[in-house]
1. What dipole magnitude, in Debye to the nearest 20, does chain B give about its Cα centre under +1 on Lys/Arg Cβ and -1 on Asp/Glu Cβ?
2. Please average, across the residues of B:6-17, the number of beta carbons from any other chain that are within 10 Å of each residue's own beta carbon, and give a whole number.
3. Could you work out, residue by residue across A:73-80, how many beta carbons of other chains sit within 10 Å of that residue's beta carbon, and then give the average as an integer?
4. Once you order the gyration tensor axes a ≥ b ≥ c over the Cα atoms, which shape class does the protein assembly as shown get: rounded for a/c under 1.5, otherwise prolate or oblate by comparing a/b with b/c?
5. Work out which trypsin sites (Lys or Arg not before Pro) in chain A are exposed loop sites (DSSP not H, G, I, E or B, at most 12 other Cβ within 10 Å) and give the longest gap free of them.
6. Based solely on its DSSP helices, what 222 nm [θ] is calculated for the protein assembly as shown when runs of n ≥ 4 H residues each add -39,500 (n - 2.57) and the sum is averaged over all residues, nearest 500 deg cm²/dmol?
7. Taking the Cα centre of chain A as origin and charging only Cβ (+1 Lys, Arg; -1 Asp, Glu), how large is the dipole, in debye to the nearest 20?
8. Compute the distance in nm between two label points, each set 7 Å from the Cα along the Cα-to-Cβ direction, one at B:R253 and one at A:H217.
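Values in this text are rule-based calculations from the coordinates and carry no lab data. Note that this is a predicted model, so its numbers are computed, not measured. Cβ atoms come from the backbone with ideal geometry, glycine included; neighbour counts cover every protein chain shown.
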Amino acid sequence: MADAIIHAEQLSRAFRLPTRREGLAGAFRDLLNPGYRTIHAVRDVSFTVPRGQSIAYLGPNGAGKSTTVKMLAGILKPTGGDLTVLGYHPHQERREYVRNIGVVFGQRSTLWYDLAVIESLRLLQRVYAIPEITFRQRLARFDEVLGLGKLLATPARKLSLGQRVRADIAAALLHDPPIVFLDEPTIGLDVAVKARIRDFLRHTNRELGTTLLLTTHDLGDVEAIAERVLVIDRGELVFDGTPRSLREELGRGDRLTIVAPQASTAALDAATADLGLTWDEVAEGKFQTVYDTRTIATAALVQRTLTAVSVEDLELREASIEDVLRELYERSERA
Amino acid sequence: MPDVLAYWGFARARLADLLANRARFLAGIASYFIYVTVYAGIFRAIYAAGPDEVGGLRLQEALTYVAVAWVLRSMYTNGIDREVTQDVRRGDIALALLRPVDYPASRLATAAGEALTRALIFTLPAALPIALVYPVQPPASLASALGFLLGAVLAFGIYSLVNLLVGISAVFTEHTVGIQRAKNGMMDLLGGVLLPLSFFPAWAQDALWLLPFQAVTYTPVSIYLGTLPAPLGLGVQALWVAVLALLVRLLWRRAVNHLTIQGG
């Protein structure tokens, strides 16, 4: 890809951790003969990102999401593979590289703790040598969408979580970087603040063409912002595609639920036996089956059900990304 | 040039922050007067017991020494050792690597902003009542006056670089409270705030030249009194600034490696 701005080629990061033996005797043995074990936090992850894309980087806790973001941000050295972002090797050329990126950690702040937010932003204006007019324009845009208003005059230490994250996002985007990494930007936030942040990020991506890569556990973020999903599990990339293809790839998990007081699981099982489906009675007179849209047409299934039993109510639920991810994580758990 | 402006930004931000919270210096002004009073009392008692001269200083000079030493201390003092340790413990130190600024330099700039604020709203108001109540002598000569001013700037540099070393060491040790306390004690005792170093036995005085602490207080105050030639004192201070700056550079490089290569 000619205009790809991230190239990750078999990117890996291992940590060597001391092993702790048990008890007092163990503590002495550790002292004399320390043992180590190697953790592969990220293993052979390869992907490229074209300019302007918005990517959700998903995975269960401890999967290697933050480790990847830290490598992308240049503050953690990869132990294997090759990584270039905007033509830089992030770790080797960190000082020059970080001028060109924005980073937000939902659980950390890059604001100066004791300073009023506006002072932190003024400081960054100097650090990035942003002209006054540009600074005002950007501040106005942040204020409009993120609603900074009153919190500009407040010291960072006195901000609520939602206020702090909004201020942190403003601080990360003040120099208008072509690429922004966000590590769990919406963690712990209420619905209104989440919506604001999503709007802002979507706007930034769509209107300004800023490339976004965000990690999250919140699938609302994915639906609102991401055109592409990367899923990492136990350090390995297990999925790379659009949110839609993620659902399709693991198409299982669509559900048909009916309310049919006269029916029985036996009758329903018999009606759909040739499709290889079985039914569960999830409540009194309420039955449910889970099917795979790749092999079973929803219309055919519904028709067959309606002819077999008398149905009072019927509900179809498409597998959510959440279901799909749960299945993906469970699958690798079993592997 | 934008870089220099950026670092001035750190100094300015601290200045604004401290000016907004200037009330906290009021108690300091009173306590510095009390410190000087206590040590002046001790010195008067020593001289009343007999000697005309102790460690090359007459009573008048000893009182001037203690007043100038404490006033100087009110300017250069800062808590960047504690602040850097906090950054490490909160995990913010890695985030400092995300900004295109040199972290130790930004901390020094912040400390410079603090020293500037202190000089204006703490040191001057603290010096005034002390100078009115105690028989403080003027600098020995124009050369020693200028030498003292320059020496005060270098004293700030040495003090802050030592603090940075203590703070950055938190990357490796996590806790620096013990080191901070030891450093603070040595800064006052071995630096010559509590006693002029010429009061110490000869062997101790010789040994203390091997430590940076004397260059923070004893050297500039001796320049003020004219007991140490300004060029010699300033030369010693400049040497310590260079040595400590180099040590900070080396320790910081190791700290960055520790954070980015070993992963914290």
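1. Numbers: 18 positive and 14 negative charges, 104 e Å.
Roughly 500 debye, rounded to the nearest 20.
2. Counting Cβ atoms of other protein chains within 10 Å of each residue's Cβ and averaging gives 4.
3. Numbers: counts 4, 3, 11, 8, 6, 0, 2, 0.
Mean inter-chain Cβ contacts per residue within 10 Å come to 4.
4. Numbers: a/c = 2.98, a/b = 2.56, b/c = 1.16.
Since a/c reaches 1.5 and a/b is larger than b/c, the shape of the protein assembly as shown is classed as prolate.
5. On the way: sites that count: A:R20, A:R294.
Counting only loop sites that pass the neighbour cut-off, the longest clear stretch is A:21-293.
6. Details: 25 runs with 319 residues, N = 599.
Computed mean residue ellipticity for the protein assembly as shown: -17000 deg cm²/dmol.
7. On the way: 43 positive and 45 negative charges, 369 e Å.
Roughly 1780 debye, rounded to the nearest 20.
8. Calculated label separation equals 4.1 nm.
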